[in-house]
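The values are calculated or read from the model by the stated rules, or taken from the named source; none is laboratory data. Bear in mind that the values here come from a model prediction, so they are computed numbers and not experimental data. Positions of Cβ are generated from backbone atoms using ideal geometry, with glycine treated the same way; all protein chains shown enter the neighbour counts. Quick note on the areas: whole protein, heavy atoms, side chains included, nothing else; ligands and nucleic acids left out. Shrake-Rupley method; radii C 1.70, N 1.55, O 1.52, S 1.80 Å.
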Amino acid sequence: YLLDKSDKYDSRDVERLQQDDKWVENYLIWRHDVVDDTLKMIDESFQWRKEYTVNDLSESVLPKWLFEIGALFLHGYDKEGYKLFWFKVKHHTRDPKQQLDKKKLVAFWLEHYAKRDHGKPLTVVFDMAETGISHIDLDFVRFIVSCFTDYYPNFLTKIVIFEMPWIMNAAFKIVKGWLGPDAISMLKFTNKSDVQEYISGEYLPPHMGGTDSFKYSYPPLVDDDFQTPLCENGPITNEDEHESKEEIDADTKETGEQNEAQNLNQKKMNSIEQISKSEETDKTEVKPKNAKKALTTFKGPLLHISPAEELYFGSKETGEKKCLIVLTNVTKNVVAFKVRTTAPEKYRVKPSNSSCEPGTSLDIIVSLHGGFAASLQDRFLIMAAEMDQSSGAGVPELTQFWKDVPRTKVMEHRLRCHVIESSKPSSLTLKDNASNIPAKTNEDLHIQLTRLLQINTRLEEQMNRCLWFQQLSVVLSLLSVTVAAFCFYLAYAQRS
């Protein structure tokens, strides 16, 4: 394919295919691991990507009015935690002159999300309320369908169609023919009474029976995912990131108080009997070096982040209200980081905006605020960027740094929430203490627990090695007995 059609592909797509195993895997999954079919799909999608200049689509190359009408946008999550891709059909009218731009808008949103969330699947919502025959555009619908069936592999979870007018039944029979048997099962025809089987009311507008007060507007580009600032002491309502001098002074004072408290906690830790002498050498005061090891770790160019994908919270009944994120700086420079969330009213994060020294690890405590419960739709975004050695790491310097740093130099990693009924050893979960022990003591105990888990993991590895040697010894013993018996048999046979 490359030899025959290299001029028809974007070299960036070819390079990505050679480096991104997940992308290749998605093509294979979507084509049921049939290699020839997978190659054909890659060929078709690569040619389409070059034709539509997908890698270069941006707000600046598309007409502004396309964004302003709000016919297409990303907002909210379904009950399985998948992002919702909204098509407000009432805002669409057939116009051959605008068709190419509208198709590029679809490609822009899909590529925007695919790059941002590394190809995580979408749920498509066709909101057909207040639509009629003038809004039917089968060519445009076919293009949307082909994006998911032919160009973006394994990118679709389901298509939720809300209040489709009876007059469009014939049109959607044609659409079903384009989808194929696998995709047909993804069609979910709903109305106001049953749409909440797939999408909870918090992400549905009032006309669909929900409570979402979201109103689309442009500019800026809709990005409801990660809101800022995120307060260390609970929810805040001020959305202005530019801090006044008084706020900076207050934050600096608070940081000093936190450092004093952390030093006191360190003294407490030192008084606790350590499990072994080797564990004692791992301790440092605020940023323990190489002290944490989770079962899953995202290895980014600036930070290694544990856990890699999910924060495990319990239900209200289990009382698990805190999680631990461990950041490890793998560069030779100071790395500034900050944490955002889709639900700033629920969570507090300590620290939410700080820096990490070269070669050290730092703990981030994520706490549920008040009487809230974690949701599958909640997400966290960790942003990181290298700082110059000459730059300070105080609150004023960090504030200015995030204003000036180019977006291209910022590493981003996303974590989703997972709600469980009982705690998992693989998740770094902190439990609220029922006996009113101070929160700082809980954190100390959790550090000890994490180290115990590390020791437990090493013991399991040693036990597995011992079992393997034991099994090998048994096999060798049986072989020895068999050989000895055979030798006795030969000697007896010769004497006879």
> Looking only at residues in region 191-216 that are modelled with pLDDT under 90 and not in a loop (DSSP other than H, G, I, E, B), which one is most open to solvent (accessible area, probe 1.4 Å)?
Replying inline: Glu202
> Can you tell me how many residues in region 27-42 are closer than 19 Å to Tyr9 by Cα and not basic (Lys, Arg)?
Replying inline: 7
> Does region 429-452 contain any residue that is modelled with pLDDT of 80 or more, under 25 Å from the mean Cα position of the chain (by Cα) and not hydrophobic (A, V, I, L, M, F, W, C)?
Replying inline: no
>> Quick check on my filter: what residues within region 72-118 are outside any helix (DSSP H, G or I), surrounded by 17 or more Cβ atoms within 10 Å (Cβ to Cβ) and more than 26 Å from the chain's Cα centre (by Cα)?
In response: Lys88, His92
>> Given the criterion surrounded by fewer than 16 Cβ atoms within 10 Å (Cβ to Cβ) and in contact (Cβ under 8 Å) with a residue 40 or more places away in the chain, identify the matching residue among Ile29, Ile42.
In response: Ile29
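Only one of these is modelled with pLDDT of 70 or more, open to solvent by less than 10 Å² (accessible area, probe 1.4 Å) and assigned to a loop (DSSP other than H, G, I, E, B): Ala343, Ala308, Ala291, Ala374. Name it.
One residue alone meets the criteria, Ala343.
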> Within region 144-164, is there a residue that is more than 33 Å from the chain's Cα centre (by Cα) and either outside the structural domain of Phe46 (by the TED database) or open to solvent by 10 Å² or more (accessible area, probe 1.4 Å) (or both)?
Replying inline: no
> How many residues are at pLDDT 90 or above and within 30 Å of Glu202 (Cα to Cα) if we restrict to region 24-64?
Replying inline: 0
> What is the one condition in (1) open to solvent by 10 Å² or more (accessible area, probe 1.4 Å); (2) touching a residue at least 40 places away in the same chain (Cβ under 8 Å); (3) among the hydroxyl-bearing types (Ser, Thr, Tyr) that Thr328 does not satisfy?
Replying inline: (2)
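Can you name every residue in region 387-396 that is open to solvent by 80 Å² or more (accessible area, probe 1.4 Å) and either at pLDDT 80 or above or within 24 Å of Ile305 (Cα to Cα) (or both)?
Once the filter is applied, which keeps residues that are open to solvent by 80 Å² or more (accessible area, probe 1.4 Å) and either at pLDDT 80 or above or within 24 Å of Ile305 (Cα to Cα) (or both), region 387-396 yields Asp388, Gln389.
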